[in-house]
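Student: Below: one structure in structure tokens.
Read-outs: derived from the displayed coordinates by stated rules, not from any lab. Quick caveat: nothing in here was measured; it's all calculated off a predicted structure. Heads up, the Cβs are rebuilt from the backbone with ideal geometry, glycines too, and the neighbour counts pull from every protein chain shown.
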Amino acid sequence: MNAQAKVPPAFSYTPMFPQGDDTTPYRKLDIAGVSTIEVDGRTVLKIAPEALSALAFEAFHEVSHLLRPAHLQQLANILKDP
């Protein structure tokens, strides 16, 4: 066979999921047990197990309140109200 192999096109990077500006409202949690330490010349987070438990509690509390179907229906009703 005398066919020449095709040369693939030059690589061009394109982000898979381009993102716009982040408009998410964030809030800082006052959870004790989070600090920074130096390890081998690098700054790393040191997080106590209690801090992770508090964060998980807060996350489950917010998800169970803000994403429960009845609450979402209330929000939808507010938006539909003329």
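Student: Of the residues Leu66, Leu55, which is in contact (Cβ under 8 Å) with a residue 24 or more places away in the chain and not acidic (Asp, Glu)?
Tutor: On the way: Leu66 fails: in contact (Cβ under 8 Å) with a residue 24 or more places away in the chain.
It is Leu55.
Student: Let me ask something else. Condition check: surrounded by fewer than 11 Cβ atoms within 10 Å (Cβ to Cβ) and touching a helix residue (DSSP H, G or I) at 6+ places or on another chain (Cβ under 8 Å). Does Ala32 satisfy that? Please lay out each step first, then the result.
Tutor: Details: surrounded by fewer than 11 Cβ atoms within 10 Å (Cβ to Cβ): yes; touching a helix residue (DSSP H, G or I) at 6+ places or on another chain (Cβ under 8 Å): yes.
Considered against the rule, which asks whether it is surrounded by fewer than 11 Cβ atoms within 10 Å (Cβ to Cβ) and touching a helix residue (DSSP H, G or I) at 6+ places or on another chain (Cβ under 8 Å), Ala32 comes out as yes.
Student: Quick test for you: out of Leu79, Leu45, pick the one residue that is without any contact (Cβ under 8 Å) to a residue 60 or more places away in the chain, part of a strand (DSSP E or B) and surrounded by fewer than 10 Cβ atoms within 10 Å (Cβ to Cβ).
Tutor: Numbers: Leu79 fails: part of a strand (DSSP E or B).
It is Leu45.
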